[in-house]
Amino acid sequence: MNLQLPQGLAFALRNVFRHRVRSAATLAAISLGVAGLILAGGFVQDIFIQLGEAVIHSQSGHIQIVRQGYREGRTRSPDSFLIDQPDKLKQELADQPGVQIVLSRLGFTGMINNGKRDLGIVGEGVEPDAEAKLGTYMRYIEGRALADGDSDGIVLGQGVAKSLGLKAGDRVNLVITLAQGAVNTLDFEVIGVFQSFSKDFDARAVRISLKAARNLMDNDSAHVMVLLLNRTTDTDRVVASLRHKLGPDKYEIASWRALSDFYDKTQQLYETQFGVLRLIILLMVLLSVANSVNMTLFERTREFGTLLALGDRPGAVFRLIMTESMMLGLIGAGLGMSLGCAAAWTISAIGIPMPPPPNANIGYTAFIRIMPLEVLTAGGIGLVATCLAAVMPARRASRMHVVDALRQGA
(Lines give C-alpha, C1' and ligand atoms only; values in the text may rest on other atoms or scores of the structure.)
Protein backbone atom coordinates (compact mmCIF):
# COMPACT_ATOMS: atom_id res chain seq x y z
CA MET A 1 0.00 0.00 0.00
CA ASN A 2 1.36 3.39 -0.95
CA LEU A 3 1.47 5.64 2.13
CA GLN A 4 3.44 8.45 0.55
CA LEU A 5 2.08 11.99 0.32
CA PRO A 6 -0.55 12.98 -0.59
CA GLN A 7 -2.22 9.56 -0.45
CA GLY A 8 -0.70 8.90 2.97
CA LEU A 9 -2.21 12.09 4.38
CA ALA A 10 -5.62 11.28 2.96
CA PHE A 11 -5.49 7.78 4.42
CA ALA A 12 -4.40 9.11 7.83
CA LEU A 13 -7.19 11.71 7.78
CA ARG A 14 -9.79 9.02 7.03
CA ASN A 15 -8.50 7.00 9.97
CA VAL A 16 -8.83 10.02 12.29
CA PHE A 17 -12.50 10.48 11.42
CA ARG A 18 -13.18 6.74 11.28
CA HIS A 19 -12.47 6.37 15.02
CA ARG A 20 -14.74 9.22 16.06
CA VAL A 21 -15.13 8.47 19.78
CA ARG A 22 -11.43 7.97 20.41
CA SER A 23 -10.52 10.96 18.25
CA ALA A 24 -13.06 13.13 20.05
CA ALA A 25 -11.60 12.18 23.44
CA THR A 26 -8.08 12.96 22.25
CA LEU A 27 -9.15 16.26 20.68
CA ALA A 28 -10.92 17.26 23.91
CA ALA A 29 -7.76 16.66 25.95
CA ILE A 30 -5.61 18.63 23.51
CA SER A 31 -8.00 21.55 23.03
CA LEU A 32 -8.72 21.96 26.75
CA GLY A 33 -5.01 21.92 27.53
CA VAL A 34 -4.27 24.52 24.86
CA ALA A 35 -7.19 26.71 25.99
CA GLY A 36 -5.98 26.44 29.60
CA LEU A 37 -2.53 27.64 28.60
CA ILE A 38 -4.00 30.61 26.70
CA LEU A 39 -6.20 31.63 29.63
CA ALA A 40 -3.43 31.25 32.21
CA GLY A 41 -0.90 33.08 30.03
CA GLY A 42 -3.33 35.90 29.25
CA PHE A 43 -4.18 36.31 32.92
CA VAL A 44 -0.51 36.52 33.92
CA GLN A 45 0.22 39.01 31.12
CA ASP A 46 -2.65 41.17 32.33
CA ILE A 47 -1.15 41.18 35.83
CA PHE A 48 2.17 42.37 34.42
CA ILE A 49 0.57 45.10 32.31
CA GLN A 50 -1.78 46.42 35.00
CA LEU A 51 0.90 46.29 37.70
CA GLY A 52 3.31 48.17 35.47
CA GLU A 53 0.75 50.84 34.60
CA ALA A 54 -0.13 51.22 38.28
CA VAL A 55 3.52 51.84 39.14
CA ILE A 56 3.92 54.30 36.26
CA HIS A 57 0.71 56.26 36.81
CA SER A 58 0.77 56.51 40.57
CA GLN A 59 4.41 57.36 41.34
CA SER A 60 7.29 56.91 38.96
CA GLY A 61 6.24 57.95 35.46
CA HIS A 62 7.97 56.12 32.61
CA ILE A 63 11.42 57.65 33.11
CA GLN A 64 13.09 59.67 35.86
CA ILE A 65 16.19 61.83 35.47
CA VAL A 66 18.26 62.94 38.47
CA ARG A 67 21.77 64.19 39.12
CA GLN A 68 24.46 61.53 39.43
CA GLY A 69 24.53 60.17 43.00
CA TYR A 70 21.15 61.57 44.03
CA ARG A 71 19.54 58.23 44.88
CA GLU A 72 22.39 57.25 47.21
CA GLY A 73 23.02 60.67 48.74
CA ARG A 74 19.60 62.33 48.91
CA THR A 75 19.00 61.46 52.57
CA ARG A 76 22.39 62.84 53.66
CA SER A 77 22.74 65.90 51.45
CA PRO A 78 19.83 66.49 49.07
CA ASP A 79 20.94 70.05 48.31
CA SER A 80 24.10 68.69 46.68
CA PHE A 81 22.09 67.04 43.91
CA LEU A 82 19.82 69.82 42.70
CA ILE A 83 19.17 70.22 38.97
CA ASP A 84 19.98 73.81 38.10
CA GLN A 85 17.88 75.51 35.44
CA PRO A 86 15.24 72.75 35.41
CA ASP A 87 13.03 74.64 32.93
CA LYS A 88 15.79 74.57 30.33
CA LEU A 89 16.28 70.82 30.81
CA LYS A 90 12.51 70.29 30.73
CA GLN A 91 12.25 71.95 27.31
CA GLU A 92 15.12 69.84 26.01
CA LEU A 93 13.41 66.65 27.24
CA ALA A 94 9.99 67.67 25.90
CA ASP A 95 11.46 67.85 22.38
CA GLN A 96 12.40 64.16 22.56
CA PRO A 97 10.23 61.98 20.23
CA GLY A 98 7.71 59.90 22.16
CA VAL A 99 7.59 62.17 25.23
CA GLN A 100 4.12 63.35 26.22
CA ILE A 101 4.74 65.35 29.43
CA VAL A 102 7.80 66.39 31.45
CA LEU A 103 7.34 67.22 35.14
CA SER A 104 9.65 68.71 37.76
CA ARG A 105 9.68 67.46 41.34
CA LEU A 106 11.51 68.86 44.35
CA GLY A 107 11.96 66.36 47.17
CA PHE A 108 12.32 67.07 50.88
CA THR A 109 12.16 65.34 54.23
CA GLY A 110 10.91 66.81 57.46
CA MET A 111 8.17 66.71 60.03
CA ILE A 112 4.44 67.33 59.76
CA ASN A 113 2.63 68.63 62.84
CA ASN A 114 -1.10 68.57 63.51
CA GLY A 115 -0.88 70.77 66.63
CA LYS A 116 -0.56 67.76 68.93
CA ARG A 117 2.25 65.60 67.63
CA ASP A 118 4.79 65.23 64.84
CA LEU A 119 5.34 62.61 62.17
CA GLY A 120 8.36 62.18 59.91
CA ILE A 121 7.43 62.50 56.25
CA VAL A 122 8.93 62.28 52.77
CA GLY A 123 7.55 65.15 50.73
CA GLU A 124 7.51 66.29 47.13
CA GLY A 125 6.87 69.59 45.52
CA VAL A 126 4.98 68.89 42.31
CA GLU A 127 3.33 70.62 39.38
CA PRO A 128 -0.32 69.85 40.27
CA ASP A 129 -2.05 70.02 36.89
CA ALA A 130 0.70 68.02 35.15
CA GLU A 131 0.74 65.45 38.00
CA ALA A 132 -3.02 64.98 37.55
CA LYS A 133 -2.35 63.78 33.99
CA LEU A 134 0.37 61.42 35.20
CA GLY A 135 -1.28 60.13 38.37
CA THR A 136 -4.37 58.52 36.89
CA TYR A 137 -3.98 55.50 39.22
CA MET A 138 -3.97 57.72 42.31
CA ARG A 139 -7.32 57.62 44.10
CA TYR A 140 -8.50 60.34 46.44
CA ILE A 141 -10.51 58.84 49.27
CA GLU A 142 -11.20 62.26 50.73
CA GLY A 143 -11.09 65.77 49.34
CA ARG A 144 -9.47 66.34 45.94
CA ALA A 145 -6.14 66.57 44.16
CA LEU A 146 -3.94 69.63 44.23
CA ALA A 147 -4.52 72.32 41.63
CA ASP A 148 -2.03 74.89 40.38
CA GLY A 149 -3.80 77.59 42.37
CA ASP A 150 -3.42 75.81 45.73
CA SER A 151 -0.42 77.75 47.01
CA ASP A 152 -0.98 76.67 50.62
CA GLY A 153 -2.61 73.30 49.92
CA ILE A 154 -1.22 69.88 50.82
CA VAL A 155 -2.34 66.34 50.03
CA LEU A 156 -1.48 63.44 52.31
CA GLY A 157 -1.01 59.73 51.87
CA GLN A 158 -3.67 57.65 53.57
CA GLY A 159 -1.16 56.36 56.14
CA VAL A 160 -0.08 59.90 57.10
CA ALA A 161 -3.67 61.09 57.49
CA LYS A 162 -4.58 58.03 59.58
CA SER A 163 -1.54 58.35 61.86
CA LEU A 164 -2.29 61.99 62.68
CA GLY A 165 -6.09 61.83 62.49
CA LEU A 166 -6.23 64.40 59.70
CA LYS A 167 -8.99 65.06 57.20
CA ALA A 168 -9.67 67.52 54.39
CA GLY A 169 -9.92 71.07 55.72
CA ASP A 170 -7.52 70.60 58.65
CA ARG A 171 -4.45 72.79 59.08
CA VAL A 172 -0.93 71.38 59.45
CA ASN A 173 2.63 72.66 59.70
CA LEU A 174 5.57 71.39 57.69
CA VAL A 175 8.96 71.76 59.35
CA ILE A 176 12.22 71.11 57.50
CA THR A 177 15.89 71.77 58.19
CA LEU A 178 17.77 73.59 55.43
CA ALA A 179 21.32 72.77 54.38
CA GLN A 180 22.65 75.78 56.28
CA GLY A 181 21.16 74.42 59.51
CA ALA A 182 18.25 76.85 59.65
CA VAL A 183 14.74 75.53 60.31
CA ASN A 184 11.93 76.58 58.01
CA THR A 185 8.21 76.06 58.53
CA LEU A 186 5.05 76.75 56.56
CA ASP A 187 1.37 76.33 57.36
CA PHE A 188 -0.83 74.33 54.94
CA GLU A 189 -4.46 73.31 54.53
CA VAL A 190 -5.16 69.63 53.87
CA ILE A 191 -6.80 69.51 50.44
CA GLY A 192 -7.12 65.74 50.03
CA VAL A 193 -6.08 62.28 51.17
CA PHE A 194 -4.86 59.85 48.51
CA GLN A 195 -4.27 56.17 47.99
CA SER A 196 -1.51 55.20 45.59
CA PHE A 197 -0.48 51.72 44.56
CA SER A 198 1.95 51.32 47.49
CA LYS A 199 1.09 51.26 51.20
CA ASP A 200 4.68 52.13 52.09
CA PHE A 201 4.52 55.26 49.94
CA ASP A 202 1.19 56.33 51.44
CA ALA A 203 2.50 55.86 54.98
CA ARG A 204 5.04 58.71 54.61
CA ALA A 205 4.18 60.73 51.50
CA VAL A 206 2.89 64.28 51.34
CA ARG A 207 2.71 66.59 48.33
CA ILE A 208 2.60 70.33 47.98
CA SER A 209 2.87 72.59 44.96
CA LEU A 210 6.31 73.04 43.44
CA LYS A 211 6.10 76.78 44.12
CA ALA A 212 5.41 76.17 47.81
CA ALA A 213 8.23 73.62 48.04
CA ARG A 214 10.70 76.05 46.52
CA ASN A 215 9.59 78.68 48.99
CA LEU A 216 9.94 76.20 51.84
CA MET A 217 13.42 75.10 50.73
CA ASP A 218 14.55 78.53 49.55
CA ASN A 219 15.67 77.55 46.03
CA ASP A 220 14.38 77.50 42.46
CA SER A 221 15.72 74.09 41.43
CA ALA A 222 14.38 70.54 41.17
CA HIS A 223 15.61 67.10 42.16
CA VAL A 224 13.78 64.90 39.67
CA MET A 225 12.54 65.28 36.11
CA VAL A 226 9.72 62.82 35.38
CA LEU A 227 8.79 61.81 31.83
CA LEU A 228 5.43 60.43 30.78
CA LEU A 229 5.60 58.79 27.35
CA ASN A 230 2.94 58.23 24.73
CA ARG A 231 3.49 54.45 24.93
CA THR A 232 5.02 52.29 27.63
CA THR A 233 6.66 50.12 24.96
CA ASP A 234 8.81 53.12 23.95
CA THR A 235 10.51 53.28 27.36
CA ASP A 236 13.75 51.44 26.53
CA ARG A 237 14.17 53.32 23.25
CA VAL A 238 13.73 56.74 24.89
CA VAL A 239 16.07 55.81 27.77
CA ALA A 240 18.80 54.81 25.31
CA SER A 241 18.28 57.99 23.29
CA LEU A 242 18.44 60.22 26.40
CA ARG A 243 21.60 58.54 27.67
CA HIS A 244 23.24 59.24 24.34
CA LYS A 245 21.95 62.82 24.26
CA LEU A 246 22.60 63.86 27.88
CA GLY A 247 25.70 61.75 28.51
CA PRO A 248 26.28 59.28 31.34
CA ASP A 249 28.38 61.50 33.63
CA LYS A 250 25.98 64.24 34.75
CA TYR A 251 22.58 62.54 35.00
CA GLU A 252 21.17 59.20 36.06
CA ILE A 253 18.40 58.09 33.69
CA ALA A 254 16.23 55.28 35.05
CA SER A 255 13.18 53.54 33.60
CA TRP A 256 10.15 52.71 35.69
CA ARG A 257 11.24 49.07 35.88
CA ALA A 258 14.62 50.02 37.31
CA LEU A 259 12.85 52.17 39.90
CA SER A 260 10.41 49.44 40.97
CA ASP A 261 12.09 46.49 42.63
CA PHE A 262 8.63 45.24 43.65
CA TYR A 263 7.56 44.93 40.00
CA ASP A 264 10.59 42.88 38.97
CA LYS A 265 10.26 40.49 41.91
CA THR A 266 6.54 40.07 41.27
CA GLN A 267 7.19 39.37 37.60
CA GLN A 268 9.81 36.75 38.45
CA LEU A 269 7.41 35.10 40.91
CA TYR A 270 4.52 34.89 38.44
CA GLU A 271 6.73 33.77 35.56
CA THR A 272 8.03 30.90 37.70
CA GLN A 273 4.51 29.94 38.75
CA PHE A 274 3.29 30.07 35.15
CA GLY A 275 6.23 27.96 34.04
CA VAL A 276 5.22 25.27 36.55
CA LEU A 277 1.58 25.54 35.43
CA ARG A 278 2.62 25.19 31.78
CA LEU A 279 4.63 22.06 32.65
CA ILE A 280 1.65 20.56 34.53
CA ILE A 281 -0.69 21.18 31.60
CA LEU A 282 1.87 19.71 29.19
CA LEU A 283 2.11 16.55 31.32
CA MET A 284 -1.69 16.30 31.52
CA VAL A 285 -1.98 16.54 27.73
CA LEU A 286 0.82 14.01 27.28
CA LEU A 287 -0.78 11.49 29.63
CA SER A 288 -4.29 11.98 28.24
CA VAL A 289 -3.18 11.70 24.62
CA ALA A 290 -0.84 8.79 25.34
CA ASN A 291 -3.70 6.89 27.02
CA SER A 292 -6.07 7.58 24.14
CA VAL A 293 -3.49 6.66 21.49
CA ASN A 294 -2.57 3.45 23.32
CA MET A 295 -6.19 2.32 23.50
CA THR A 296 -6.79 3.22 19.85
CA LEU A 297 -3.71 1.37 18.65
CA PHE A 298 -4.57 -1.68 20.75
CA GLU A 299 -7.98 -1.88 19.05
CA ARG A 300 -6.31 -1.54 15.63
CA THR A 301 -3.61 -4.19 16.13
CA ARG A 302 -5.06 -6.52 13.48
CA GLU A 303 -5.28 -3.60 11.05
CA PHE A 304 -1.57 -2.91 11.43
CA GLY A 305 -0.82 -6.63 11.15
CA THR A 306 -2.72 -6.69 7.86
CA LEU A 307 -0.69 -3.73 6.55
CA LEU A 308 2.53 -5.50 7.44
CA ALA A 309 1.29 -8.78 5.89
CA LEU A 310 0.51 -6.93 2.62
CA GLY A 311 4.11 -5.80 2.39
CA ASP A 312 4.25 -2.41 4.13
CA ARG A 313 7.47 -1.90 6.05
CA PRO A 314 7.44 -1.10 9.81
CA GLY A 315 8.63 2.43 9.03
CA ALA A 316 5.55 3.06 6.88
CA VAL A 317 3.23 1.95 9.70
CA PHE A 318 5.13 4.17 12.11
CA ARG A 319 4.76 7.15 9.75
CA LEU A 320 1.04 6.45 9.36
CA ILE A 321 0.46 6.51 13.12
CA MET A 322 2.59 9.64 13.59
CA THR A 323 0.78 11.36 10.71
CA GLU A 324 -2.57 10.59 12.33
CA SER A 325 -1.28 11.93 15.65
CA MET A 326 0.07 15.08 13.98
CA MET A 327 -3.33 15.69 12.38
CA LEU A 328 -5.04 15.18 15.73
CA GLY A 329 -2.55 17.62 17.24
CA LEU A 330 -3.15 20.23 14.55
CA ILE A 331 -6.93 19.95 14.79
CA GLY A 332 -6.85 19.93 18.59
CA ALA A 333 -4.46 22.89 18.74
CA GLY A 334 -6.70 24.85 16.34
CA LEU A 335 -9.80 24.05 18.37
CA GLY A 336 -7.96 24.90 21.59
CA MET A 337 -6.75 28.26 20.27
CA SER A 338 -10.28 29.13 19.10
CA LEU A 339 -11.77 28.01 22.41
CA GLY A 340 -9.14 29.83 24.45
CA CYS A 341 -9.58 33.11 22.55
CA ALA A 342 -13.37 32.90 22.76
CA ALA A 343 -13.20 32.21 26.51
CA ALA A 344 -10.71 35.07 26.98
CA TRP A 345 -13.00 37.53 25.18
CA THR A 346 -16.00 36.36 27.22
CA ILE A 347 -14.20 36.58 30.57
CA SER A 348 -12.68 39.97 29.71
CA ALA A 349 -16.11 41.33 28.82
CA ILE A 350 -17.19 40.51 32.38
CA GLY A 351 -13.91 41.16 34.23
CA ILE A 352 -12.40 39.41 37.24
CA PRO A 353 -12.53 41.47 40.49
CA MET A 354 -9.14 41.16 42.18
CA PRO A 355 -8.09 42.11 45.73
CA PRO A 356 -5.12 44.46 46.24
CA PRO A 357 -1.75 42.79 45.56
CA PRO A 358 0.70 42.40 48.48
CA ASN A 359 1.83 45.76 49.90
CA ALA A 360 -0.79 47.57 47.80
CA ASN A 361 -3.90 49.55 48.66
CA ILE A 362 -6.07 49.32 45.60
CA GLY A 363 -7.79 46.30 44.05
CA TYR A 364 -8.41 46.09 40.33
CA THR A 365 -10.38 44.30 37.63
CA ALA A 366 -8.35 41.65 35.83
CA PHE A 367 -8.80 40.62 32.20
CA ILE A 368 -7.46 37.88 29.95
CA ARG A 369 -5.05 39.41 27.46
CA ILE A 370 -4.93 37.70 24.07
CA MET A 371 -1.25 37.80 23.19
CA PRO A 372 -0.53 36.38 19.70
CA LEU A 373 2.77 34.86 20.80
CA GLU A 374 1.15 33.18 23.83
CA VAL A 375 -1.65 31.80 21.63
CA LEU A 376 0.82 30.36 19.10
CA THR A 377 3.02 28.97 21.88
CA ALA A 378 0.04 27.24 23.49
CA GLY A 379 -0.97 25.72 20.14
CA GLY A 380 2.60 24.58 19.55
CA ILE A 381 2.75 22.94 22.97
CA GLY A 382 -0.48 21.06 22.23
CA LEU A 383 0.85 19.84 18.88
CA VAL A 384 4.26 18.81 20.25
CA ALA A 385 2.68 17.05 23.25
CA THR A 386 0.42 15.03 20.94
CA CYS A 387 3.30 13.94 18.70
CA LEU A 388 5.50 13.06 21.67
CA ALA A 389 2.72 11.03 23.27
CA ALA A 390 2.35 8.93 20.10
CA VAL A 391 6.03 8.05 19.58
CA MET A 392 6.30 5.05 21.92
CA PRO A 393 2.92 3.47 21.03
CA ALA A 394 3.73 3.93 17.32
CA ARG A 395 7.11 2.23 17.73
CA ARG A 396 5.52 -0.72 19.51
CA ALA A 397 2.77 -1.10 16.89
CA SER A 398 5.21 -0.93 13.97
CA ARG A 399 7.55 -3.58 15.45
CA MET A 400 4.95 -6.25 16.20
CA HIS A 401 5.31 -9.66 14.57
CA VAL A 402 2.79 -10.13 11.78
CA VAL A 403 1.45 -13.42 13.16
CA ASP A 404 0.96 -11.99 16.68
CA ALA A 405 -0.72 -8.89 15.28
CA LEU A 406 -3.18 -10.90 13.14
CA ARG A 407 -3.94 -13.25 16.02
CA GLN A 408 -4.76 -10.27 18.32
CA GLY A 409 -8.53 -10.02 18.90
CA ALA A 410 -9.24 -13.19 16.90
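The values are calculated or read from the model by the stated rules, or taken from the named source; none is laboratory data. In this text the structure is predicted, and so the values were computed from the model without any measurement. No Cβ is skipped: glycine too gets one built from the backbone with ideal geometry, and neighbour counts run over all protein chains shown. Surface areas here come from the heavy atoms of the whole protein model, side chains and all, with no ligands, DNA or RNA. Shrake-Rupley method; radii C 1.70, N 1.55, O 1.52, S 1.80 Å.
Among the listed pairs Lys167/Lys211; Lys162/Lys265; Lys199/Lys245; Lys88/Lys167, which are separated by more than 27 Å between their Cα atoms?
Exceeds cut-off: Lys162/Lys265; Lys199/Lys245; Lys88/Lys167.
Taking the Cα centre of each part, how many Å lie between the range 366-396 and the range 139-157?
52 Å
Under a crude label model (7 Å from the Cα following the beta-carbon direction), how far is Thr346 from Thr185 in nanometres?
Placing both labels 7 Å along Cα→Cβ, they lie 6.5 nm apart.
What does the charge dipole of the range 14-145 about its Cα centre add up to, to the nearest 20 debye, if the Cβ of each Lys and Arg holds +1 and the Cβ of each Asp and Glu holds -1?
Once rounded to the nearest 20, the dipole reads 1040 debye.
Skip the ligands, DNA and RNA, and give the accessible area per residue of the chain with a 1.4 Å probe, whole Å².
Per residue, the chain has an accessible area of 49 Å².
Just want the answer: with Cβ charges of +1 for Lys and Arg and -1 for Asp and Glu, which residue in Ile350, Gly329, Thr235 is farthest toward the dipole's positive end in the chain?
Gly329
Roughly how many percent of the accessible protein surface of the range 87-129 is carbon and sulfur, given a 1.4 Å probe and a whole-percent answer? Don't jump to the answer; show the numbers that get you there.
Values: 930 of 1980 Å².
Answer for the range 87-129: carbon and sulfur cover 47 percent of the accessible area.
Going by a ≥ b ≥ c, the root eigenvalues of the Cα gyration tensor, does the range 120-235 fall in the rounded group (a/c under 1.5), the prolate group (a/b larger than b/c) or the oblate group?
oblate
Which of Asn173, Ser288, Val122 sits farthest toward the positive end of the charge dipole of the chain, with +1 on the Cβ of Lys and Arg and -1 on the Cβ of Asp and Glu?
Ser288
Please give the length that would be gained between Asp129 and Asp87 if that part of the chain were fully extended, namely 0.36 nm times their separation in residues minus their C-alpha to C-alpha distance (nm, one decimal).
So the extension gain works out to 13.5 nm.
Find how much the distance from Arg237 to Met354 grows on full extension, using 0.36 nm per residue of separation minus their present alpha carbon separation; answer in nm with one decimal.
38.9 nm
Decide, for the range 201-299, between rounded, prolate and oblate: order the square roots of the alpha carbon gyration tensor eigenvalues as a ≥ b ≥ c, take rounded if a/c falls under 1.5, and otherwise choose prolate if a/b is larger than b/c, else oblate. Could you put the intermediate results ahead of the total?
On the way: a/c = 5.24, a/b = 2.89, b/c = 1.81.
Prolate, because a/c is 1.5 or more and a/b exceeds b/c.
If I compute solvent accessible area with a 1.4 Å probe over the protein chains, what percent of it on the range 174-269 is carbon and sulfur? Intermediate values should be presented prior to the final figure.
On the way: 2260 of 4650 Å².
About 49 percent, which is the carbon plus sulfur part of the accessible surface.
Per 5 Å bin, what is the whole-percent P(r) computed from every C-alpha pair distance within the range 92-173?
3, 12, 21, 23, 19, 10, 5, 4, 2, 0, 0
Over its Cα atoms, what ratio of radius of gyration to 2.2 N^0.38 Å does the chain give?
Numbers: Rg = 31.9 Å, N = 410, 2.2 N^0.38 = 21.6 Å.
Normalised Cα radius of gyration, the chain: 1.47.
With +1 on the Cβ of every Lys and Arg and -1 on the Cβ of every Asp and Glu, and nothing else charged, how large is the dipole of the range 171-293 about its Cα centre, in debye rounded to the nearest 20?
Using only the charged Cβ atoms, the result is roughly 220 debye.
For the charge dipole of the chain, defined by +1 on Lys and Arg C-beta atoms and -1 on Asp and Glu C-beta atoms about the Cα centroid, which residue among Asn113, Gly135, Val375 has the Cα displaced farthest towards the positive pole?
Val375
Cα gyration tensor of the range 195-241, axes a ≥ b ≥ c as square roots of the eigenvalues: rounded (a/c below 1.5), prolate (a/b > b/c) or oblate?
oblate
Taking only Cα atoms of the range 48-114, what ratio of Rg to Rh do you get with Rh as the Kirkwood inverse-distance radius?
Numbers: Rg = 14.7 Å, Rh = 14.3 Å.
Here Rg/Rh amounts to 1.03.
I want to check the label-to-label distance for Leu330 and Leu246. Put each point 7 Å from Cα in the C-beta direction and report it in nm to one decimal.
So the label points at Leu330 and Leu246 sit 5.4 nm apart.
Rounded to the nearest 0.05, what FRET efficiency do Glu271 and Asp152 have when you use their Cβ-Cβ distance and R0 = 51 Å?
0.60
Using the Kyte-Doolittle scale, find the helices of the chain whose mean hydropathy is at least 0.5 and whose Cα atoms extend 24 Å or more along the helix's long axis, counting only whole DSSP H runs.
Answer set is 20-55, 261-299, 314-350, 372-398.
Which of the aspartates and glutamates could be linked to Lys116 by a straight reach, that is with a Cα gap under 15 Å, when you skip same-chain ones fewer than 8 residues away?
Counting by Cα, and skipping residues close in sequence, Lys116 has these aspartates and glutamates nearby: Asp170, Asp187.
Could the peptides 27-38, 218-229, 137-148 be put in order, highest first, of the mean number of other beta-carbon atoms found within 10 Å of their residues?
Going by the mean number of other Cβ atoms within 10 Å, highest first, we get 27-38, 218-229, 137-148.
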